[in-house]
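The values are calculated or read from the model by the stated rules, or taken from the named source; none is laboratory data. Because the structure is predicted, anything quoted here is derived from the model rather than measured. All Cβ positions, glycine included, derive from the backbone under ideal geometry; neighbour counts span all protein chains shown.
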């Protein structure tokens, strides 16, 4: 169960992260706690599964990289092993299972399209499953912020 402070902290962490020497001190002050309490609560919330990931989202294209979404149709019994293989690649930023005939989806980011092609072929050879690359035709900016409500 989340406390009022936890809800306030989770709400605050979702956007406009302060760029300063001590960003957690600033956030802590805004929600009414100490910097140490803020850091401790964030660690606890992550270990309890309330926070899955925290970090910057960088525009790979602006930084000069190539990226693509990939999809694979993998036999259900092979999904864990194939997922493990995919997760070993530093170029993979997201990897998830979907309830769909193409049940493993992941994103590759590399120096260029040639490297994307090399990596996808290597994954095919290693897993023995075809990798379908699905490069974006149009860019959509999604900025999701969840309202952290009190439990009923």
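Here are a few things to note about the model shown:
- Filter pass, residue 74 being more than 16 Å from the chain's Cα centre (by Cα), assigned to a helix (DSSP H, G or I), under 30 Å from residue 112 (Cβ atoms) and in contact (Cβ under 8 Å) with a residue 24 or more places away in the chain: no
- Selection status of residue 47, exposed (fewer than 13 other Cβ atoms within 10 Å of the Cβ) and either farther than 30 Å from residue 121 by Cβ or in contact with a helix residue (DSSP H, G or I) (Cβ under 8 Å, 6 or more places away or on another chain) (or both): yes
- In the range 96-130, the qualifying residues are those that are in contact with a helix residue (DSSP H, G or I) (Cβ under 9 Å, 6 or more places away or on another chain) and more than 26 Å from residue 59 (Cβ to Cβ), and the one that is modelled with the lowest pLDDT is 97.
- Residue in the range 31-42 that is loosely packed, with under 10 Cβ neighbours inside 10 Å and assigned to a loop (DSSP other than H, G, I, E, B) present: no
- Those residues of the range 90-141 which are closer than 11 Å to residue 72 by Cβ and assigned to a helix (DSSP H, G or I), in sequence order: 120, 123, 124, 127
- Against the criterion of being surrounded by fewer than 17 Cβ atoms within 10 Å (Cβ to Cβ), closer than 17 Å to residue 136 by Cα and under 15 Å from the mean Cα position of the chain (by Cα), residue 69 qualifies.
- Test: residue in the range 97-118 that is in contact (Cβ under 8 Å) with a residue 12 or more places away in the chain, closer than 30 Å to residue 5 by Cβ, surrounded by 12 or more Cβ atoms within 10 Å (Cβ to Cβ) and under 20 Å from the mean Cα position of the chain (by Cα): no
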